[in-house]
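The values are calculated or read from the model by the stated rules, or taken from the named source; none is laboratory data. Note that the structure is a prediction, hence the values are computed from the model and not measured. Cβ placement follows ideal geometry from the backbone for every residue including glycine, while neighbour counts extend to all protein chains displayed.
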Amino acid sequence: MAMDSRRTHRESAVVVGGGISGLLAARELAMKGLRVTLVEKRSHLGGAVGAHEVDGHVLDSGAESFATRTSDVAELLTELGIEDKICSPYDGGSWLYLQDGAHPAPRTGILGIPGDLSDPSIREILSSAGLRRAKMDKLLPASVGANAKTLGELVRKRMGQQVVDRLVAPVTTGVQSTHPDEVEIESVIPGLQAALAQRGSLAAASASLRAASPAGSQVAGLVGGMNQLSEALVRDVLRRRVRILTGYDAIAVDRDPDRGGWTLLQRAPQLGERVAPVHGKYLVMATDAPTTLRILGSHLDASTIPQVKAGHEIALVTLAIEQPELDSRPRGTGLLVSDQVATVRAKALTHATAKWKWIAEEMGPGKHVVRLSYGRGNDHGPLREVSLYDDQLITLAMHDAGKLLGVSITRGNLLGADVVRWKGSLPTMRPGHREKVQQFRNSLQDLEGVTAVGAWLSGNGLAAVTADTRRTMHEFIDATSAD
């Protein structure tokens, strides 16, 4: 069977999940001439790449940038015809908020790992003893930490506990919602251990990886917001005649004994719980881990089904405020907060008008947009911040923003606010995760016409999701074409 657009008989495929990975999967299949049906339980397509309105301005409700360490996202944006909207952030640098206050983050390394221990900013963060311990990294053989399973273990062995606590942990808890001792190294910094073996020290390895993506160019965005990627993908798949069904929950899938292929049973709660089947010769699961494993679990060997911890619940609070004191961008493009800080409950703050020129121009002088993130991975108690009502979270966010930025922010400054909640949006990449993923994907080869994509398989971030989804779909298409 050859899967191309010249066939007179069009094969069919069902894609479950309408996030970025699902839209990309549907697009790749449609480009090869298949009749594609995409099923999504929510009304919104694009997953964590979406938009909301605050004070009359359309802003990103989820992802607001993409990593530029690879060209995958930029190539996709070019294919979609919106490459002219790519923009770089202001080169203001980020800050750390520690127990003793705010400090500019070192800019010589990657993910908090310093690349140059002579950087004056590091002396402001580490004690004399902590700095002496960190400098031992240069004297240790490259074999020290070579077999470390987590980022925390590696940094601790090479540079000491203080570097973990005061430099690396604020970054991983702020970005990944996970402590370094729970972060799989290759899932967040691919090639770090290989660079260590080559360079001989962790600092040199970190510096070399940073040099490949120098300050100001690690991320990029889109004028108007990353939400335009979702919109462009939806337009593209509709143009390719992909059938999109929203508001349906996937219940189960089964082999169709008469027609072959797969039948998806789905439920539409808004239509009186009506159950409707959708058939396709090919099935692509593009959902979170619990849904994918629940749907496919009965068709797989139980020993090949990975135990994957669901992502943490996160609440993003966006504030539009009038505060001219912020025109000077006093804390760069934002701050990452140590989990040892008790006076601030946010784990991170992005000063959007200090980061993106297009937002600053929309807001005008004296008006600013800040976004605070709540929901630490180690916070499971009944008093956790994500359990607060929206109006309570907004009040807390104003307090936290004032502390972090060093200015007064009260209700009198507030122009508008919104709270967006994401559940399970950042799957935890714990040690051994990649091996479990590979075992799972190998087991899918025993199911004719089935594959799976998504952030829990690729790793977090648009760059990882885009690269992995397209690669997986190309391999899937090639494999089925050879049958």
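Checking Val49 against (1) under 23 Å from the mean Cα position of the chain (by Cα); (2) among the hydrophobic types (A, V, I, L, M, F, W, C); (3) in a strand (DSSP E or B); (4) under 26 Å from Gln266 (Cβ atoms), which test does it fail?
Going through (1) under 23 Å from the mean Cα position of the chain (by Cα); (2) among the hydrophobic types (A, V, I, L, M, F, W, C); (3) in a strand (DSSP E or B); (4) under 26 Å from Gln266 (Cβ atoms) one by one, Val49 breaks only (3).
Looking at Val219, Val164, which one is touching a Pro at 6+ places or on another chain (Cβ under 8 Å), without any contact (Cβ under 8 Å) to a residue 24 or more places away in the chain and under 26 Å from Arg371 (Cα atoms)?
From the options Val219, Val164, the qualifying one is Val164.
Would you please name the residue that is modelled with the lowest pLDDT, looking only at residues in the stretch 200-224 that are touching a helix residue (DSSP H, G or I) at 6+ places or on another chain (Cβ under 8 Å) and polar (S, T, N, Q)?
Looking at the filtered set, the residue picked out is Ser208.
Kindly indicate which of Ala48, Ala67, Ala105 is at pLDDT below 95 and within 18 Å of Val419 (Cβ to Cβ).
Ala48
Give me the pairs, please: first residue somewhere in the stretch 104-117 and basic (Lys, Arg), second residue anywhere and in a loop (DSSP other than H, G, I, E, B), beta-carbon distance under 6 Å, and either six or more positions apart or on two chains.
Arg107/Gly93; Arg107/Ala215
Conditions (1) under 22 Å from Lys355 (Cβ atoms); (2) in the same structural domain as Ala360 (by TED's automatic domain parsing); (3) over 21 Å from the mean Cα position of the chain (by Cα); (4) among the hydroxyl-bearing types (Ser, Thr, Tyr), marked per residue:
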position	(1), (2), (3), (4)
Ser88	yes, no, no, yes
Gly92	yes, no, yes, no
Tyr97	yes, no, yes, yes
Pro114	no, no, yes, no
Ile122	no, no, yes, no
Ser127	no, no, yes, yes
Ser143	no, no, yes, yes
Gln162	no, no, yes, no
Val171	yes, no, no, no
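Scan the stretch 450-483 for residues that are buried (at least 20 other Cβ atoms within 10 Å of the Cβ) and small (Gly, Ala, Ser) and report the count.
Qualifying residue count, the stretch 450-483: 8.
Please enumerate the residues belonging to the stretch 144-194 that are charged (D, E, K, R) and part of a helix (DSSP H, G or I).
Listed by number, the residues that qualify are Glu153, Arg156, Lys157, Arg158, Asp165, Arg166, Asp181, Glu182, Glu186.
If you take the residues of the stretch 116-142 that are in contact with a Gly (Cβ under 7 Å, 6 or more places away or on another chain) and modelled with pLDDT of 95 or more, which of them is nearest to Ala195 (Cα to Cα)?
Among residues in the stretch 116-142 that are in contact with a Gly (Cβ under 7 Å, 6 or more places away or on another chain) and modelled with pLDDT of 95 or more, the one nearest to Ala195 (Cα to Cα) is Ala134.
Between Ser65, Ser43, which is hydroxyl-bearing (Ser, Thr, Tyr), within 27 Å of Arg267 (Cα to Cα) and touching a Gly at 6+ places or on another chain (Cβ under 8 Å)?
Of the residues listed, the single one that is hydroxyl-bearing (Ser, Thr, Tyr), within 27 Å of Arg267 (Cα to Cα) and touching a Gly at 6+ places or on another chain (Cβ under 8 Å) is Ser43.
Out of Val275, Val234, Val253, report the one residue that is over 26 Å from the mean Cα position of the chain (by Cα), of a type in the set (Val, Ile, Thr) and surrounded by 14 or more Cβ atoms within 10 Å (Cβ to Cβ).
Answer to the selection: Val253.
Applying the selection to the stretch 297-322, what residues are farther than 19 Å from Ser373 by Cα, surrounded by fewer than 21 Cβ atoms within 10 Å (Cβ to Cβ) and either touching a residue at least 24 places away in the same chain (Cβ under 8 Å) or over 26 Å from the mean Cα position of the chain (by Cα) (or both)?
Passing the criteria: Ser298, His299, Leu300, Asp301, Ala302, Ser303, Thr304, Ile305, Pro306, Gln307, Lys309, Glu322.
Kindly check whether there is at least one residue in the stretch 83-101 that is more than 27 Å from Glu361 (Cβ to Cβ), touching a strand residue (DSSP E or B) at 6+ places or on another chain (Cβ under 8 Å) and modelled with pLDDT of 95 or more.
Taking every residue of the stretch 83-101 in turn, at least one turns out to be more than 27 Å from Glu361 (Cβ to Cβ), touching a strand residue (DSSP E or B) at 6+ places or on another chain (Cβ under 8 Å) and modelled with pLDDT of 95 or more.
Considering only residues that are crowded, with 16+ Cβ neighbours inside 10 Å and small (Gly, Ala, Ser), look in the stretch 101-112 and name the one that is nearest to the chain's Cα centre (by Cα).
Here the residue is Gly112.
Give just the number: which of (1) at pLDDT below 95; (2) buried (at least 16 other Cβ atoms within 10 Å of the Cβ); (3) aliphatic (A, V, I, L, M) does Val16 not satisfy?
(1)
Just wondering, is there one or more residues in the stretch 195-204 that are buried (at least 21 other Cβ atoms within 10 Å of the Cβ), in a loop (DSSP other than H, G, I, E, B) and in contact (Cβ under 8 Å) with a residue 24 or more places away in the chain?
yes
Might you let me know whether the stretch 274-281 holds any residue that is within 24 Å of Lys436 (Cβ to Cβ) and either small (Gly, Ala, Ser) or at pLDDT 85 or above (or both)?
Within the stretch 274-281, none of the residues are within 24 Å of Lys436 (Cβ to Cβ) and either small (Gly, Ala, Ser) or at pLDDT 85 or above (or both).
Within the stretch 29-46, restricting attention to residues that are in a loop (DSSP other than H, G, I, E, B) and not aliphatic (A, V, I, L, M), which residue is surrounded by the fewest Cβ atoms within 10 Å (Cβ to Cβ)?
Ranking the candidates gives Ser43 first.
Can you tell me which residue within the stretch 66-103, out of those that are without any contact (Cβ under 8 Å) to a residue 60 or more places away in the chain and assigned to a loop (DSSP other than H, G, I, E, B), is nearest to Leu167 (Cα to Cα)?
Among them, the one singled out is Asp100.
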